[in-house]
Each structure stands twice: as C-alpha cells, then as structure tokens.
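Taking it in order: structure first as structure tokens, then the write-up.
The values are calculated or read from the model by the stated rules, or taken from the named source; none is laboratory data. Keep in mind the model is a prediction, meaning the values are calculated, not measured. Don't worry about glycine lacking a Cβ; one is built from the backbone with ideal geometry, like all the others, and counts go over all protein chains shown. Keep in mind that these areas ignore ligands, DNA and RNA; they rest on the heavy atoms of the full protein, side chains included. Shrake-Rupley method; radii C 1.70, N 1.55, O 1.52, S 1.80 Å.
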Amino acid sequence: MEAVAEGLWGLADYHENKGEIGKAVKCLEAICQSHVSFLPIVEIKTRLRISTLLLKHTHNVNHAKSHLERSQLLLKAIPSCFELKCRTFSLLSQCYHLVGAIPPQKLILYKALDLTSSASQDVAVKLWSCNFNSQLANAFIIEGDYQSSISALQSGYVCATEISYPDLQMFFATAILHVHLMQWDDENSVLRSISQCDRVWESIDPNRRGQCLGLLFYNELLHIFYRLRICDYKNAAHHVDNLDAAMKADMQKMQEIQQLSSELDALNQSLSRPDLPSRERSALAGRQIKLQQRLRSLEDSSLTGKEFLEPSYFGNARQAWGDKLVLAPSPMDGEWLPKSAVYALVDLMVVILGRPKGLFKECMQRIQSGMQTIQDALLKLGITDGVREVDLQHSAIWMAGVYLMLLMQFLENKVAVELTRSGFVEAQEALVQMKNWFIRFPTILQACESMIEMLRGQYAHSVGCYSEAAFHYVEAAKITESKSMQAMCHAYAAVSYFCIGDAESSSQVQISSAYSFMQAIDLIGPVYQMKDTINGVREEASLHFAYGLLLMRQQDFQEARNRLAKGLQIAHNHMGNLQLVSQYLTILGNLALALHDTVQAREILRSSLTLAKKLYDIPTQIWALSVLTGDRGNEMENDEYRRKKLDELQKRLADAYSSIHHIELISKVKLEVQQFHELDIKRAMANQSMSVNLDIPESIGLSTPLPVQSSSRLVDLDGGRRGKRKI
C-alpha cells in the first residue's frame, strides 16, 4: 500500500505543478477515503499535504483545519514523529488564527511549546520553538495583550541567541520594536528596542546582510515609523533613501532574472532540436552553463523562502520566486507583507517626506506607481468593481485591508497635493474615490473615517466654504479617539471660524462673524491650555498658529507675534515643511502690516512668495503680491502677475463649484454606511502581529483668509492631516 500512496503523491505533485489544484487534492483525498487502511504515518503526511495545498491556493480554511485536527488525533497515538507533530501544530494554529478562534490557537501553541521543551534541545527544536513563540505573540496582539506578546517574542529571541542565528535574532528584535510602536506607552522602551535592533543588525556579517532583504526593509520601515511619529523628518530621510535604493536594486535584479530565465528557456528549446548541428549545439551548451551560473548566483544572493513549510499568507496562489521578502529561516512563517505591499509602502514614505518640501512631480509619480501596484494586488484578491466588504472571504480580509489602507493613504496624499496647488477638481475626484472605497469597505477602512471628514473640511476651506469646513473638522474630531487628531481638528476648525465673514462687511455677516469668533475661542482655548500634554511638534505648530490668529483678533499683536514666531521656528527646524513655513510667513507679514512695519512686512512676504511659487500655491502668491505691488520698479510686473494668478484661481474655483461632486463633498452631512459582519472583519483585521496602528505624520498647514483690505475671498490651504491607521 505504501507504493500506492507514493504513486498518488507523485500524481498530486504532477497536477500541482500544472496548476490543477483540485485534481491534486482529489489524488490525496483518495488515500484518506480509501476502504483499505494505510499506515497512520501515511495518512498523517497526506492530510498535512492536503492542508498545505488548501491554505496556499484556496480560501477553504475549515476544510484544511479538519484534516489537521484529524492528523493531530492520529499523532497522539505515536510517541515519535516530532517534526510531523510540529508541522501539524503550526498549521493548525494558523487555521485557528484565520478563522478568528484565538483561545483554541493559544491552547495549541502552548501544547506545541510543551513538546519542544521536553525534546532534546538541538537546533531543529529551537527553530520550532521560535516558530511557536512568534505565533503566540501574534495571538496575544489580537487580544491587545502587548506585554504577553513581548514576553513571547523575547523567549523567541533567547532561543535564536542560543543557536547563534543572528538573522533570527534580528527577526525577533524587530518584532519587539514593532509591538512597542503599536503600544507606544513608553518612548524609552521604544528607544531601547531601536538600540537593540541596531546592535543585532551590526552583528550580522556584512555579506549576510545583503541576503536579508526582508529584514532590511522591515527594520528600516520601523525606524521610519518611529522618526515620523516624533516628527524627526531629517533623520527619517536617510532611512527612506536606503529603502528606495534597496528597492530599485532588487527590482533591477528581478528584471535581470526574468530576462535570463526567458533566454534560458529559449536556449533549452533550441537544444531540444534533434537536427541541431554539433558545433552550434556545443556553443549553445556553453551559453547555457553561463546563464545557469548567473541565475544561480542571483538566486543565492537573497533568502528565497523556497524551503518554507507553511504559506506566508493565505487565500492566494503560490507566489513566484522573488515575490517574497523573507524575514526568517524555515520553519518560521517569516514574511511580514508581500513584496508588492512593501514596495508600495516605500513609495508612500517617499511621498510623505517629499510633499512638505514641495517635490510634487516626484510625489505624483510615486502616488501613481503605488496606486497601480495596489490596484493589481486587489485584482488578484478578487476585489473588482462592485465587490463589497460582505463579499470577501474571511481569509482574504486582512490582506485586502493592508492594500486598501495603503490605497487610501495614497489618495489622501493626492488630495493634499492637489489642494496645495489649487487643483480643486482633481482633489474632488481623489476625495470621492476615498469616499466610495469607504462606503464599500466601512469596517476595514473604519480608521479612515475621521481622515475623510478632515479632508472634506480641507476641501471646503480651500474653496472658501468656511462654515462647512468647520462642520467637517468638528465631526472629524468627534469620530477619532486620538488626542492628537482631536487637537489638530480643533485647530483647523478654529481657523475656519476665524475666516467666516472676514472678507464681508454686511451687518448680518458681522453678527455671524462674532458668533464664529466665539466658537473659535471655545475650540482653541481649552486645547491650547492643554498643549503641553499633547505630544508632537506638528500639533504644537498648528496650535501656535491658531492661537496666534486668536491673539491677533484680540488686538494683542505682540503676544501674537511671539506665538507665531515660535510656531514658525518649529515648522522650519523640526518639520522641514515649506508650505507651513510659507503660511506662517504670510500671517507674520500680515501682522507686521498691522504693526505698521511695512519694510519688514514686504521682506517677510517676499520670502513667502518665493516658497509659494515653489509650491504652486496660487492663493498665497496672490496675497503676497497684493502687498508687494507697492514696490518701486516691480509694480507693473507684480500687478500683471497677480491679475494673471487671480484669473487662474477664479477659473479653478468656478470649475470646482460647477462640478457634480462639489455639493456632495461640502454638505453638512456625515458619511452614512452599512456595516457588514463587523465583528468578523474586525477580528480578521487584527490577525497579524506585524500590523500596527501607524500614526503616520504628515505636513500640516492652516489656512487663513486675506485680510479685510483685500477684495477677494482667497484661501491658503495645505491638505495635510493627522490620523490613525493600520498597516
């Protein structure tokens, strides 16, 4: 009967290699369903093989789980078979994980760890112990038990140290850092984890580091997340540069591998010809050897994951070689995210650091590239037009969530870029896309709701609809639980309230303006008093801006200058945000005019104008020029340029007002969505220990209207924001 089993195994291999997964499973199930009994070990191996096929190629997790549970029962009667028991425990744990059955998963992992602790402590046993500790940490994360998760990861780190596997040590060190970033209750713990990662990474042989591409990306991205969290943009930049260079080098290598593989296939086809002359055959055979050697050297230059026992993620066809960024050796399930998601994330980091500097051309290229990568991945997951949250397979929810969250952040940055350069219609389109995605996937994208409301406020403010803008900012603050986000929303709303009626003079508007002024005080006053309890230079800069405006309205010009100067220093020295600097300069120029310091006002506004031109910020250019037209020698040139820009802005505003999306976006109505099997989706979204509540910082800017002297209701806006999201 063993010969029959081996024959069916071989036939299953044949069908799998041809992509005929259903036929492969039927061959294997013939063994399990046979009326003639096979040896228990044969049935166990067969069921393990079926489970692996189902998890790699289908969404049929429950079917795979049934085979694994049967294998576990059979293994209880066998005293040996350590490797098979470990494989069964590992795969069964992942099945429970996928269906959201966390208590059974933890129970299985505790049994697995008991098994490894009672076995001889050789390298293979330690590696399995690392595997189980990693999965246990993941289970604790789902339950929000950060300390137990860190404890499990530290146990894995100890095992990796005992067997002298520095790259495995690095895996656990980075995972511990990741959990600390998720928890973020003690920055000193984060700093210690960062130091540990740096120390372990330096201990890895430089030649070996080049093979650990997955660890390189994981470590560098976590460092970036930390730097962005504390708004240390300058020190984040070199990490982004490292990632970008590594990504481009890997893409070039993969392209070369693809070209060599195509050439080798063509050459092999030529060598298969029986009528090939001997001299030509000899030359082609020599070329074949060189191509094979080159391919082998390229494939050996990185961890490939070809020996992995478990699928790296589920519900998708097996990934081709090179599509994985492996973090740890077998039998670890060592991939954090698919390579396409990581590369999209690198593009996003480039955008986040480049947008505040006004590098819009590069940003838009990266946004387009990242969005295309994500759209391709979503299609592979079966997410096409019309597919909604309720249509998703449970096992595909988490991975879909990763790509959808990335997509939303690209769209968010696109809105911000377009609003900065007064591309109102383009901003509308991107914002409507965000809204539509949210309506289709409301639970997966729940963290984006406050962000969308904030962006609706940014759009409304940018086109002069200040009352509507304030409404959406306040709604965004109500939705989020983040103190930082709430502070930002209140600052934005206060500025919008300040703007109401500033360009009008009717008595009715003056009454409205007085009421809005009191609302602004109610918003910004309490938040500003609590500013020392809110972490982040970005929040501090925005609060100084809004409070400086409040002091100006109260005619306390000197104190307003002090607050605004402090905010400007933060924006320039800590954030490197050119648009926010430009906005500070604009309002400081206005303040200098109020203090009758015309010379200083013009000097400040020239700097503001220079930055506004670099950022394609039309409203700020017009405002600065409205003051600078008094400069002798440049008056006609400035006035002509100002009229040209004013006409351009008015045309863009008219296009925005006439768009079918304008009323939809500014209307004082919250998004209404229908929730689908919310509990299941939330559980699935929490399924990965490598997910993180990533508070990605962005440039922020606060918009102000032109002073009363101006005849136009012009707006200066940065579409920046601040929000929590999962990656």
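When the stretch 381-391 is examined, which residues are found to be free of Cβ contacts under 8 Å to residues at least 12 places away in the same chain and part of a loop (DSSP other than H, G, I, E, B)?
Across the stretch 381-391, the qualifying residues are Thr384, Asp385, Gly386.
So which residues in the stretch 436-459 are more than 16 Å from Thr384 (Cα to Cα), open to solvent by 10 Å² or more (accessible area, probe 1.4 Å) and out of contact with any helix residue (DSSP H, G or I) (no Cβ under 6 Å at 6 or more places or on another chain)?
Matches in the stretch 436-459: Gln446, Ala447.
From the residues in the stretch 416-428 that are open to solvent by 10 Å² or more (accessible area, probe 1.4 Å) and out of contact with any Lys or Arg (no Cβ under 9 Å at 6 or more places or on another chain), which one is modelled with the highest pLDDT?
Glu418
Take the conditions at positive phi and open to solvent by less than 30 Å² (accessible area, probe 1.4 Å) and apply them to Gly156. Does it pass?
It is false that Gly156 is at positive phi and open to solvent by less than 30 Å² (accessible area, probe 1.4 Å).
What number of residues within the stretch 24-74 satisfy the criterion of being open to solvent by less than 60 Å² (accessible area, probe 1.4 Å), of a type in the set (Ser, Thr, Tyr) and under 38 Å from the mean Cα position of the chain (by Cα)?
Number satisfying all stated conditions: 3.
Could you please tell me which pairs satisfy a Cβ distance under 6 Å, a separation of 6+ or placement on different chains, a first residue in the stretch 582-600 that is modelled with pLDDT of 80 or more and assigned to a helix (DSSP H, G or I), and a second residue that is of a type in the set (D, E, K, R) and surrounded by fewer than 24 Cβ atoms within 10 Å (Cβ to Cβ)?
Leu591/Arg561
When the residues of the stretch 103-148 are narrowed to those that are assigned to a loop (DSSP other than H, G, I, E, B), among the charged types (D, E, K, R) and free of Cβ contacts under 8 Å to residues at least 24 places away in the same chain, which ends up most open to solvent (accessible area, probe 1.4 Å)?
This residue is Asp122.
Residue check, Ser272 against (1) open to solvent by 70 Å² or more (accessible area, probe 1.4 Å); (2) on the phi > 0 side of the Ramachandran plot; (3) not aliphatic (A, V, I, L, M), all met but one. Which one?
Status for Ser272: all satisfied but (2).
Could you tell me which residue of the stretch 75-96 is farthest from the chain's Cα centre (by Cα), considering only residues that are buried (at least 18 other Cβ atoms within 10 Å of the Cβ) and free of Cβ contacts under 8 Å to residues at least 40 places away in the same chain?
Taking the candidates together, the pick is Leu75.
Return the pairs, sorted by first residue and then second, in which the second residue is among the β-branched types (Val, Ile, Thr) and not in a helix (DSSP H, G or I), the first residue lies in the stretch 469-481 and is closer than 14 Å to Met451 by Cβ, the beta carbons are less than 6 Å apart, and the residues are 6+ apart or on different chains.
none
Could you count how many residues in the stretch 637-675 are assigned to a loop (DSSP other than H, G, I, E, B), at pLDDT 90 or above and farther than 14 Å from Arg456 by Cα?
So the answer is 2.
Just wondering, is there one or more residues in the stretch 33-41 that are on the phi > 0 side of the Ramachandran plot, modelled with pLDDT under 90 and not polar (S, T, N, Q)?
Among the residues of the stretch 33-41, not one is on the phi > 0 side of the Ramachandran plot, modelled with pLDDT under 90 and not polar (S, T, N, Q), which makes the answer no.
With the checklist (1) at pLDDT below 90; (2) open to solvent by less than 10 Å² (accessible area, probe 1.4 Å) in hand, flag the one item Trp398 doesn't pass.
(2)
Which of the helices (runs of 4 or more DSSP H) contained wholly in the stretch 168-285 include at least 2 residues that are out of contact with any Gly (no Cβ under 6 Å at 6 or more places or on another chain) and farther than 30 Å from Gln154 by Cβ?
233-271
Which residues, taken from the stretch 342-380, are assigned to a loop (DSSP other than H, G, I, E, B) and either open to solvent by less than 20 Å² (accessible area, probe 1.4 Å) or touching a strand residue (DSSP E or B) at 6+ places or on another chain (Cβ under 7 Å) (or both)?
Scanning the stretch 342-380 gives a single hit, Gly358.
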